[in-house]
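Taking it in order: structure first as structure tokens, then the write-up.
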Amino acid sequence: VQLQASGGGLVQAGGSLRLSCAVFGRSSNNYVMGWFRQAPGKEREFVAAIFMSGGKTVYADSVKGRFTISRANAEHTGYLQMNSLEPEDTAVYYCSARRALSTKYDYWGQGTLVTVSS
């Protein structure tokens, strides 16, 4: 299984970006796609997750109401719509995947940099 993230870039505070994550090598939708981020000098943190079968979503408190995670099952692709971006959202964003009944994310994409200027 391989994941490929894209969509990062430079945006001003208050702006929006949409990240995409394409999953290769899976045939079923019985997995969870997660987004994590790691800011300079900080530990990686959870951002959001979506059950690809069913669509249940989970968000970190820091992004609730600003970020929306979604999926396009037919393409095995997930999205992270990020609105009202703040400088504190600056980080490398990683998409990941785990089996639906597992708690461990086994598969990781390469990361995409999001920079929010003030």
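The values are calculated or read from the model by the stated rules, or taken from the named source; none is laboratory data. Just so you know, these numbers come straight off a predicted model, no measurement behind them. Glycine also receives a Cβ, built like all others from the backbone with ideal geometry; neighbour counts cover every protein chain displayed. Note: areas computed on protein heavy atoms with side chains; ligands, DNA, RNA excluded. Shrake-Rupley method; radii C 1.70, N 1.55, O 1.52, S 1.80 Å.
The figures follow:
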{"read-out": "Ser16 being polar (S, T, N, Q), touching a residue at least 40 places away in the same chain (Cβ under 8 Å) and open to solvent by less than 70 Å² (accessible area, probe 1.4 Å)", "value": "yes"}
{"read-out": "So Arg44, is it open to solvent by 50 Å² or more (accessible area, probe 1.4 Å), at pLDDT 95 or above and under 22 Å from Val1 (Cα atoms)", "value": "yes"}
{"read-out": "The range 24-83: number of residues that are hydrophobic (A, V, I, L, M, F, W, C) and closer than 19 Å to Asp106 by Cα", "value": "13"}
{"read-out": "Number of positions in the range 88-102 that are within 19 Å of Tyr31 (Cα to Cα), buried (at least 16 other Cβ atoms within 10 Å of the Cβ) and small (Gly, Ala, Ser)", "value": "2"}
{"read-out": "Failed item, numbered, when Gly9 is tested on (1) within 16 Å of Met82 (Cα to Cα); (2) surrounded by 21 or more Cβ atoms within 10 Å (Cβ to Cβ); (3) in contact (Cβ under 8 Å) with a residue 24 or more places away in the chain", "value": "(2)"}
{"read-out": "Selection count, the range 68-82, where residues are free of Cβ contacts under 8 Å to residues at least 40 places away in the same chain and either open to solvent by 60 Å² or more (accessible area, probe 1.4 Å) or in contact with a Ser or Thr (Cβ under 9 Å, 6 or more places away or on another chain) (or both)", "value": "5"}
